[in-house]
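Chemist: The structure follows.
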Amino acid sequence: MRSRLLACLVFLVASPSLAAARPVDQIAALYGSEYALTISRNGEPIGQHVLTFRREGQAWQIAAASDMVIKLAIIPVFRFSYRSAETWTKDRLVTLTAETNDDGEKTVVKVEATGDGLDVSGTAGPWVAPRDVIATSHWRQPPVGPGVVVNTLTGKRNDVTITDRGEDSLLTGVGALPARRLTYAGDLEVDTWY
């Protein structure tokens with residue numbers, strides 16, 4: 001239950017527009033150089049998720065930072081911290097490093113492009129992912145249908161089916177915004193909005 005709640009909290013990433021199959025250049029133009037979201041639980045803010053996009057020559061550096069604290073009265077009862085750094089060249093993931101502290105349980109995930117695909121290491125040990133695999137950093141809309149994702153919290157291979165649930169209206173700090181809801185089902189179960 002805690003991991004499902006946590007996944008819902010971390011990955012409710014609403015972007016200004018649909019980002020499916022768009023080049024990183026276009027996605028970065030939609031988000032801007034920095035995009036910050038408040039993470040809420042039961043209508044109360046418990047943290048923040050910040051994405052940054054930086055161009056370095058032909059490569060894009062995309063960083064994500066999430067921090068959450070859940071309190072009972074004034075006493076913190078749960079803390080979560082996530083940091084990731086991705087390098088993309090020609091709309092392909094080249095490297096990814098993600099560090100998570102899930103209430104004291106720390107994980108590190110590393111992904112690196114090789115001639116065979118993407119070498120992935122994490123809590124489940126090393127494995128080779130297909131070159132076009134999607135990572136669960138959730139700033140880029142994944143394709144709908146069955147597939148494999150690299151879970152950036154664990155490094156595990158997650159077999160999922162992604163379903164397009166249509167357009168929703170999300171209440172944000174600037175009012176209601178239209179967003180497309182996608183549901184991951186299978187080894188990872190989470191809803192995301194783009």
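Chemist: Restricting to the stretch 144-194, and then to whatever is out of contact with any strand residue (DSSP E or B) (no Cβ under 7 Å at 6 or more places or on another chain) and either acidic (D, E) or farther than 17 Å from Y31 by Cα (or both), can you tell me which residue is modelled with the lowest pLDDT?
Modeler: L171
Chemist: Can I ask one more? For the stretch 19-70, how many residues are open to solvent by 70 Å² or more (accessible area, probe 1.4 Å), part of a helix (DSSP H, G or I) and hydrophobic (A, V, I, L, M, F, W, C)?
Modeler: 1
Chemist: Right, next: Mind counting the residues in the stretch 141-162 that are surrounded by fewer than 15 Cβ atoms within 10 Å (Cβ to Cβ) and either touching a helix residue (DSSP H, G or I) at 6+ places or on another chain (Cβ under 9 Å) or not in a loop (DSSP other than H, G, I, E, B) (or both)?
Modeler: Residues that pass the stated criteria total 4.
Chemist: If you don't mind, there's one more thing I want to ask. Mind checking which pairs have a first residue in the stretch 97-108 that is at positive phi and a second that is assigned to a strand (DSSP E or B), Cβ under 8 Å, 6 or more apart or different chains?
Modeler: D103/F78; D103/R79; D103/F80; G104/R79
Chemist: Across the stretch 173-194, what is the total count of residues that are free of Cβ contacts under 8 Å to residues at least 24 places away in the same chain and either within 18 Å of P146 (Cα to Cα) or not in a strand (DSSP E or B) (or both)? Give the steps one after another, and end with the answer.
Modeler: Start the filter on the stretch 173-194 by keeping residues that are free of Cβ contacts under 8 Å to residues at least 24 places away in the same chain, which leaves 174-176, 178, 181, 183.
Applying the additional criterion that residues be either within 18 Å of P146 (Cα to Cα) or not in a strand (DSSP E or B) (or both) yields 174, 181, 183.
Number of matching residues: 3.
Chemist: Follow-up question, since we're still on this one. What residue, of A124, A85, is surrounded by 14 or more Cβ atoms within 10 Å (Cβ to Cβ) and of a type in the set (A, V, I, L, M, F, W, C)?
Modeler: A85
Chemist: Right, here's the next one. If I filter the stretch 53-105 down to residues being among the aromatic types (F, W, Y) and within 21 Å of S33 (Cβ to Cβ), which single residue comes out as nearest to the chain's Cα centre (by Cα)?
Modeler: Applying the first criterion (among the aromatic types (F, W, Y)) to the stretch 53-105 yields 53, 60, 78, 80, 82, 88.
From the residues that got through so far, the ones that are within 21 Å of S33 (Cβ to Cβ) too are 53, 60, 82, 88.
Values: F53: 14, W60: 16, Y82: 10, W88: 15 Å.
Across the stretch 53-105, the extreme among qualifying residues is Y82.
Chemist: Say whether the condition of being out of contact with any Lys or Arg (no Cβ under 6 Å at 6 or more places or on another chain), at pLDDT below 95 and within 25 Å of A179 (Cα to Cα) is met by at least one residue in the stretch 82-91.
Modeler: Yes, some residue in the stretch 82-91 is out of contact with any Lys or Arg (no Cβ under 6 Å at 6 or more places or on another chain), at pLDDT below 95 and within 25 Å of A179 (Cα to Cα).
Chemist: While we're on this one: Going residue by residue through the stretch 94-113, is there one that turns out to be out of contact with any Asp or Glu (no Cβ under 6 Å at 6 or more places or on another chain), modelled with pLDDT under 95 and of a type outside the set (A, V, I, L, M, F, W, C)?
Modeler: no
Chemist: Follow-up. Is it true that V111 is closer than 30 Å to I46 by Cβ and in a strand (DSSP E or B)?
Modeler: So V111 fits the description; yes.
Chemist: Go through the residues of the stretch 36-50 one by one and say whether even a single one is of a type in the set (S, T, Y), at pLDDT 95 or above and in contact with a strand residue (DSSP E or B) (Cβ under 9 Å, 6 or more places away or on another chain).
Modeler: no
The values are calculated or read from the model by the stated rules, or taken from the named source; none is laboratory data. The model shown is predicted, which means the values in this text are computed figures rather than measured ones. Positions of Cβ are generated from backbone atoms using ideal geometry, with glycine treated the same way; all protein chains shown enter the neighbour counts. Just so you know, the surface numbers come from the protein's heavy atoms only, side chains and all, with ligands and any DNA or RNA stripped out. Shrake-Rupley method; radii C 1.70, N 1.55, O 1.52, S 1.80 Å.
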